[in-house]
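See below for the structure under consideration.
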């Protein structure tokens, strides 16, 4: 990425700030709920309706604002408001992605999948009713009883495979709200995050069964890097790479695999939970390409990973891939519900920079680096990143502007240029000190599996 390109990212596209102010106004209104709409809440709803004026949502949103302001609140009205909020954030997403693609000279597939004509499942009606209760009560009105009212709905959704996406979202959402309840006592409410989850859940509840079948692809997958997402009860690794197939242009793809966990399993040990994906882990740890045979690939560039359809192949340096293949690889299309700035993650290569005051500088331009997002399951450290000279990372965006999430770096170690990747420890720590510490503390995964086995045998 050259200096002129970083300059192009210095300012947000026109209209982004105003659009985000509209969203923030609605999110603030949702904090106190819509049982009685105050003057500031009414102004926020009116601004939301104004933001989508002239779009296909105009009539539905204007009617919804009118009814909600007079206390006539139903799921149809709340759905219209959620759709308007999603549409505004979608416009922000599109403007930012266009800015990034133009800056990087990237091409992107267009979303062409036909809308799903299937009717929503009757089981989802219960989730809409509960989400409506949340909107009426507002976040400050959420207590343990309101959270518990969703238990039977979530249980019913989890039992239906076609609704698993909505079920998992609600399951996590209710758990988060329950952990914070009673929310009226909280000093600071994550209004944007909870409004995001509320909006997404409400819109998902209206969707029918997914009808678009994934494409079966065969070819060579060249990993660029892995983004590790770790929480108390789950770990997910998302591999970003370039797919090369016969008679088709190279394209950017993602591979996501996950596993349930407990709090005591952390750091390098989380890789053991993903042992069923041996070929993928081998490619990450040994920096090798993956030969794929009929691997399912969705329109959004996400591979539905099946380790039996992959084989770790020849050596493939991710930094060479990022230099040669990535610039010409076509980026995936973005599904309508994923058009939100929080989902932006564009793989890029940066070279010749330096760090000053915690930010990356390249030819006078500054870019924030997400040092707090470095996973404990890999060798990247804040000191190692700030001492690097080359980086593969994900270009991301939040309210403070563009930022970089490191996936791999190159830095000098005793005058030798050495690469460090988030996935280097996929088959076990390569750092002797880390390996020794892990051995000393014992194998938490093996111990828990042995205990679980004993309980099942009783």
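For the chain, the longest principal axis of the Cα atoms and the long axis of helix 75-104 meet at an angle of about 30 degrees. Compactness ratio for region 1-132: Cα radius of gyration over 2.2 N^0.38 Å (N = residue count) comes to 1.28.
Just so you know, the averaged projected area of the alpha carbon convex hull for region 131-193 sits at 4.2 nm².
Counting neighbouring beta carbons within 10 Å and listing from fewest to most, the residues 77, 215, 314, 133 come out as 314, 215, 133, 77. Bridge orientation summary for the chain: considering DSSP beta bridges with both residues in this region, about 90 percent are antiparallel. Computed on the Cα trace of the chain, the radius of gyration divided by the Kirkwood hydrodynamic radius gives Rg/Rh = 0.97. On the basis of the beta-carbon distance and an R0 of 45 Å, residue 262 and residue 76 show a calculated FRET efficiency of 0.60.
Extension gain, residue 372 to residue 24, is 122.8 nm, computed as 0.36 nm per intervening residue step minus the present C-alpha separation.
Considering helices alone, the calculated mean residue ellipticity of the chain at 222 nm is -12000 deg cm²/dmol, with DSSP H runs of length four and up weighted by -39500 (n - 2.57) and normalised per residue.
Counting 0.36 nm for each residue step from residue 355 to residue 180 and taking away their Cα separation leaves a gain of 59.2 nm. Name the residues of region 130-156 whose amide N is less than 19 Å from a point 7 angstrom out from the Cα of residue 191 along the C-beta direction? Counting only backbone N, you get 134-143. With respect to the chain, whose longest principal axis is taken over its alpha-carbon atoms, helix 191-204 is tilted by about 80°. Compactness of region 212-458, taken as the C-alpha radius of gyration over 2.2 N^0.38 Å, stands at 1.04. What the Cβ-Cβ distance of residue 294 and residue 113 gives, at R0 = 22 Å and to the nearest 0.05, is a FRET efficiency of 0.60. Taking other Cβ atoms within 10 Å as a rough exposure proxy, 303, 186 sort from fewest to most as 186, 303. The angle between the Cα long axis of helix 125-137 and the longest principal axis of the Cα atoms of the chain comes to about 70 degrees, rounded to the nearest 10. The modelled label-to-label distance between residue 165 and residue 151, using points 7 Å beyond Cα along the C-beta direction, is 2.9 nm. I'd like the distance between the alpha-carbon centres of region 351-395 and region 281-321, rounded to an integer number of Å. Taking the Cα centre of each part, region 351-395 and region 281-321 sit 26 Å apart. Placing pseudo-labels 7 Å out from each Cα toward the beta carbon at residue 101 and residue 317 gives an inter-label distance of 3.1 nm.
Coordinate-derived values only; no laboratory data. What you see is a predicted model; the values in this text were computed from it and never measured. A quick note on method: Cβ atoms are made from the backbone with ideal geometry, for glycine too, and the neighbour counts reach across all protein chains shown.
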